[in-house]
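Taken together, the values in this text are just the output of simple stated rules run on the coordinates, not laboratory data. No experiment lies behind these values; they were computed from the predicted model shown. Virtual Cβ from ideal backbone geometry, glycine too; neighbours counted across all protein chains shown.
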Amino acid sequence: MSGRLLIFSCFFVSMSMAQSPVQHRFYAENNGKSSVGFSSGINMTTADFSNKFIKNLLMDKELDRGVLSREIDRLDESKNRIGIDYEIALKGSWNIKSTAHNIIFSVSDGAHFHGSFPMEAVDLMFSGNKKFAGDTVDVSGLNVTGIRFQQMGAGWAYQPGLNTSIYGLVSIVNGEQLIQADVNRAKLYTSTLGDTLHLNVVGGYKQSDTGNVGFARGNGLGLGLNFGLQAPFQAIGSTQWMLSMDVFNLGFIQWNKKTIQFDIDTVVTWTGVEIPDLDHIDEQFADNQLADSLLEGVNSAFKKTRLNQWLPGSAVFDIMQKKDHGFVLGLGTVVRWKADFNPFGYVKAGYAFSEHIGLQSQIGYGGYVHLQVGLDASLRWESMHFNIYLRNIEAMAVFGNYAGGSAGLTFKYLFQ
Amino acid sequence: MKISQYHLIIVLVLLILGSGCRKELSIAEWDVDVVAPIAFGSVNFSNYTDTKNFSIDNGKLLHVIASETLLSLGLDTLIGIPDYSIDTGFFIPISISYPPGVPFFVQKEETKFDLKDVELTFVEIRDSKIEVFLENTIDKPVLFTYSIYSATLNGDTFSIEERVEANDTLHRSFNLNGYAMDLRGEDGNGYNTVVTFIQAMIHPDETQNHQFQAGDQFNIQNTVTNVIPEYVVGYFGSQTASFNEIESVDLFDAVPFTRLNVTDFNVEMTIDNGIGADLELKVNQLSSSNKGDRVDLEHSIIGQSMKFTRAINLYDRGNPVKHIQRKVLFTDENSNLDALLENRPDQFFADLFVDVNPLGNVSLGNDFAYYGHNLTASIELDVPLIVSTTGLFLTDTFAFNYLAPKDGNQLDRVNYGSLRFILDNGYAIEARVQFYLMDSLGMQLDSLLVAPTWIAGGTESADGLTVVPARSILEVPVNQARLGLMEAATEIRLETMLNTTGIDSIHVRSDQKMEFKVVADLNVSTQK
């Protein structure tokens, strides 16, 4: 057993879900007890950028030209996606008089970012426009959405049987920050000598109050709903299976009336500041006329008003063999909305060392990436549950070709 | 120590709160190659030409024009009517009784102006001033009468009456503006003569005779000044006058060059006689001077006397005179005037001689002159800019103030690169240019180009109507050191040397221009 524990300690795993939501199924298996704990996780997933490039960008002092060049060469021409989710939550439940009913609560801080970048947009951003002189850069389809919010909620969980549970949690959502840009069409022409820039852009932009920035600042208010169930069933002979279905962050935020919104549909040709009089050349550079030209296309549509927005939520459907010992199999799917996320399907295989310890691996396809691998492990005792996961292991293994890195930790303490 | 559930909760809360102290995310620095236009415009020669000295014809050809009056001979020069005064008075030698209203002093007097050879018979006054001073030492008020019999206005003689109180003085001012003055005297055969009448009496309002005491006086001082005629008639005499005119010109001050070839010009001298007298004019010399380096005009007019018949009196106040004009044309065939211009003159010099009535009083005293109708000699110059030049040197300085962006000095991010000047030269003139950064004290900080660089000139069509522009691209290297100098600079001085590129002369037109574009081609760091 000690050897098994050593292996377990190395992997620290029990259930793997490479692109499953950072939210954890916390409220099942209370077994008539109260609980308190936390869950935290951060997922960064992309099929198009490599970890080598992202490490270079985020952790080094200077960007390596060779890394950048290789990165651009391997990008998809029109769409290169990246998705990032983060949540840290304090959670708990209070058992009502040792019955099957629990009142549950949660306080959390979460963030979501997803973006899609055409190859030339990345090239333009990291190389500049000189290499496109005499040509047109097409950055159409570039879009980014970033949202950060906090939730405080309460609900009810019911566990009529040992492995059967159902829960629902309603949260008030504080919208802290929103940035959303959608470039439907954008083409930048740079003349051969650089004496003319021609920009044709159609897109929209939304941003929460720029004067109220900081952790937990209130720029919007909304409601969120988490709910799910877990139930055992028998199939394929006498094999015991566990069915889980969860919905996270089904809700919305109404961003307040200071939210910046504009749509831009403009064509700008920039040839520099016109100098009709050489004798007063300094006065003629007093204003940034390029900015003025662009703003002409923006100002007419610029407004500050309320904005209703769906939360980037997710739904998970999962089936897993239930064994106290031996190999286990499972499968599942994840769908997300308002996150530019393809449906994600996965199959799982693991080993239950005992009723307390389990280790699982997973291979999945979809989401922000293509093929991905994850490991998940858990420790379970009567009064304490640990769960840890590592995802996008393929990106960590093949550093230069894939990107992503996800990890999470959940702890739950149960008491009477 | 036993760990309670409460301890665990506290630890969890601390863990969560601690997670808020994450390190701020920072990203790597990288360099981008940016190329973007900064400025554009055009330099048009006609923008820098003073409208006083340049004109544009229908074919859009630029012309240098100038007009100068070399001579103006008018009434004030021909006939200067002098100021004059009459001082007279009455002195009572014995004691005598005299009734009021009966003149005790009467004087009619003829005053003749000294106008040398000029013999005027008629003057109409445009402007004048009469000052009258009266002194009465008599113990009774005196009525004073002053009349100029020669001066009439609408049939009325000029006459004034003034009451001078006993033992008092009186000062009065009048004018004769608009009065016609017959200067022929009382007998009607004289000239330059004014007839005046003065009278004094005890004021008629007095009721009793006045007993004059020996020594009583009545003094009169009458002064006529600043007489400007509107119209004169008479004989203007036989006068001669020399005029040496020096006219400074600044047309070429800012345009130094080593060689200029003016191929076409149109210069006309107009001699206009608005005076009713015969005249003879001789142009002894016309020359241009460049800091003492003189070129004399060679033309048939030089040294030759030109006779002008008198102007014709139309007796029409709206258009009183028909002038007699003569025009003298200077061409490249009959003169060397182009040499005067190519001398890049700072002065023109004219030596003229005028003889009035060279044949004497042939008009029998009917010479006339109106105010503003003079004898003038003026010269009008019109030089189409069809030129060839070598070494035309132009310098211009314009203010330069680098404006640092509000969020900091973004130029720190520039690693290297260049400012690219794209020049499309629509003039058939090649130019060697250099830019200099100057500080506020006028000290040269740096030259922008590595060396003075030639800008190619356009190619003029055979008919001179169009020019195919020539493109030149100048690269000004930029680095941090140079950017620092640009920040310190307050002015940029442009030095240009121009050579025409045509086989012969080129046409300078108003629609020609040199277009310029400035492009920044820089390697820039995203952070600094």
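Structural remarks
- Annotation: the residues A:Trp381, A:Trp270, sorted from fewest to most other C-beta atoms within 10 Å of their own C-beta, follow the order A:Trp381, A:Trp270.
- From least to most packed, judged by other beta carbons within 10 angstrom and beginning with the fewest, A:His101, B:His210, A:His370 follow the order A:His370, A:His101, B:His210.
- 3J(HN,Hα) from dihedral phi, the range B:339-356, Karplus parametrisation 6.51/-1.76/1.60, rounded to Hz, x for glycine, proline: 5, 5, 6, 5, 6, 6, x, 9, 8, 10, 10, 10, 10, 10, 10, 10, 10, 8
- Of A:Lys61/A:Lys130; A:Lys322/A:Lys412; A:Lys33/A:Lys91; A:Lys33/A:Lys323; A:Lys79/A:Lys187; A:Lys55/A:Lys187, those spanning more than 26 Å from alpha-carbon to alpha-carbon: A:Lys55/A:Lys187
- Shape call, chain B: gyration tensor on alpha carbons, a/c limit 1.5: oblate
- Net charge dipole size for the range A:3-414 [Lys, Arg +1 and Asp, Glu -1 on Cβ; Debye, nearest 20]: 2220 debye
- Entry note, chain A: the mean residue ellipticity at 222 nm calculated from DSSP H runs of n ≥ 4, each adding -39500 (n - 2.57), is -3500 deg cm²/dmol after division by the residues and rounding to the nearest 500.
- Distant-in-sequence amide contacts of B:Asp446, defined by a placed amide H-H separation under 5 Å and a gap of 5 or more residues or a different chain, comprise B:Leu437.
- Unit charges on C-beta of K, R, D, E only; dipole of the protein assembly as shown, Debye: 9500 debye
- FRET E, pair B:Leu449, A:Ala216, Förster distance 45 Å, beta-carbon r, rounded to 0.05: 0.20
- Rounded to 10°, Cα long-axis angle of helix B:5-18 versus longest principal axis of chain B: 50 degrees
- Calculated mean residue ellipticity at 222 nm for chain B: -1500 deg cm²/dmol, from DSSP H runs with n ≥ 4 weighted as -39500 (n - 2.57), summed, divided by the residue count and rounded to 500.
- Listed by chain and number, the lysines placed with their C-alpha closer than 26 angstrom to that of A:Lys257 are A:Lys206, A:Lys303, A:Lys304, A:Lys338; residues fewer than eight positions away on the same chain are left out.
- In terms of other Cβ atoms within 10 Å, B:Asp316, B:Asp439 run from fewest to most in the order B:Asp316, B:Asp439.
- All lysines inside 29 Å of B:Lys282 as judged from Cα atoms, apart from same-chain residues fewer than 8 positions distant: B:Lys116, B:Lys291, B:Lys307, B:Lys322, B:Lys327
- Alpha carbon centroid spacing (whole Å) that separates the range A:168-185 from the range B:173-210: 109 Å
- Between the range B:52-89 and the range A:350-391, the alpha-carbon center distance in angstrom: 108 Å
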